[in-house]
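No value in this document is a laboratory result; all are computed from the given coordinates. Bear in mind the structure is a predicted one, so any value in this text is a computation, not a measurement. Backbone-built Cβ (ideal geometry, glycine too); neighbour counts: all protein chains shown.
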Ligand code: HEM
């Protein structure tokens with residue numbers, strides 16, 4: 001139960017981050033000065049009580065703890081279930097061609113998680129560390145985003161990642177709120193489902209608006 005609670009709470013923290021990050025990205029529609037100003041503001045927020053980029057570092061530490069807690073509980077729960085099955089792969093079933101049970105949820109959560117982890121490494125190398133710069137390097141975060149999303153395969157990679165994020169959030173949000181006790185009746189379950197679809201939809205579409213607007217030349 002503690003592991004499931006850790007999984008749920010760390011997941012909800014990351015969903016909060018994603019909503020804020022998605023909203024922040026929409027500032028590309030307000031132009032270069034606004035977007036770059038926002039990136040700079042993230043670093044000066046909290047000054048002079050906090051040092052430069054102090055709040056950003058607090059957010060980074062909380063996020064890193066959430067990622068580690070989420071991965072640790074995912075792995076521990078998987079390994080516990082694996083041992084409980086006596087080391088066999090999955091439940092035997094006649095419903096699946098493979099002869100073993102594979103639910104939609106276990107598939108999207110597990111493989112979605114792996115895809116998202118790989119994406120985040122690529123994403124940090126691209127936008128945060130500036131190590132790779134498809135479309136051209138630049139000092140301005142706005143120009144980096146516009147250059148990056150002018151390249152079709154970058155948009156394709158982001159699209160695949162955002163679809164994985166969407167599926168992961170849809171099921172993960174439902175699961176997290178169920179763990180935390182929100183799934184108490186048929187009506188509560190119905191609302192939970194609507195909420196999970198709404199959050200997953202808003203995050204996926206909101207994140208994909210800037211890349212497609214840039215690729216189609218609507219933002220330059
Ligand atoms: C189209 C979608 C996305 C775009 C355009 C985007 C854009 C950016 C940009 C420009 C930065 C650098 C900000 C700066 O240093 O000023 C950044 C940082 C970051 N993004 Fe994204 N992002 C997207 C999706 C995501 C997703 C889905 C995740 C998580 C699953 C994510 C996680 C992060 C993280 C962890 C950072 C590092 C924050 C830091 O420590 O400075 N991003 N993103």
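Among 36, 139, the order by Cβ neighbours within 10 angstrom, fewest to most, reads 139, 36. Look at the alpha carbon pairs under 8 Å that are at least 6 residues apart: their mean separation over the length of the chain gives a relative contact order of 26 percent. Relative to the current alpha-carbon distance between residue 187 and residue 218, full extension at 0.36 nm per residue lengthens the span by 6.9 nm.
Between rounded, prolate and oblate, where does the chain land on the alpha carbon gyration tensor, with a ≥ b ≥ c its root eigenvalues, rounded for a/c under 1.5, else prolate if a/b exceeds b/c?
Working: a/c = 1.98, a/b = 1.66, b/c = 1.19.
Here the chain falls in the prolate category.
Here the residues 61, 115, 145, ranked from fewest to most Cβ neighbours within 10 Å of their Cβ, fall in the order 61, 115, 145.
With the Cα gyration tensor of segment 1-47 giving a ≥ b ≥ c as the square roots of its eigenvalues, does the rule (a/c under 1.5 for rounded; else a/b larger than b/c for prolate; else oblate) give rounded, prolate or oblate?
Oblate.
Modelled this way, with points 7 Å down the Cα-to-C-beta line, the labels at residue 71 and residue 139 are 3.4 nm from one another.
Calculate for the chain the 222 nm mean residue ellipticity that helices alone would give, adding -39,500 (n - 2.57) per DSSP H run of length 4 or more and normalising by residue count, nearest 500 deg cm²/dmol.
Details: 7 runs with 154 residues, N = 220.
Helices in the chain give a 222 nm mean residue ellipticity of -24500 deg cm²/dmol.
Neighbour counts of C-beta atoms inside 10 Å place 127, 149 in the sequence 127, 149, starting with the fewest. Here the contact order of segment 117-157, divided by its residue count and restricted to Cα pairs under 8 Å and six or more residues apart, works out to 27 percent.
Cα centroid distance between segment 121-188 and segment 191-220, in Å? Using only Cα atoms to place each centre, the spacing works out to 10 Å.
I want to verify a result. In a Gaussian network model of the chain, Cα cutoff 10 Å, which of these has the top mean-square fluctuation: 157, 186, 66? Sorting by GNM fluctuation, first place goes to 186.
How much length is gained if the chain between residue 153 and residue 84 is pulled fully straight, taking 0.36 nm per residue apart and subtracting their Cα-Cα distance, in nm to one decimal? Working shown, then result.
On the way: separation 69, 0.36 × 69 = 24.84 nm, distance 4.25 nm.
In short, 20.6 nm is gained.
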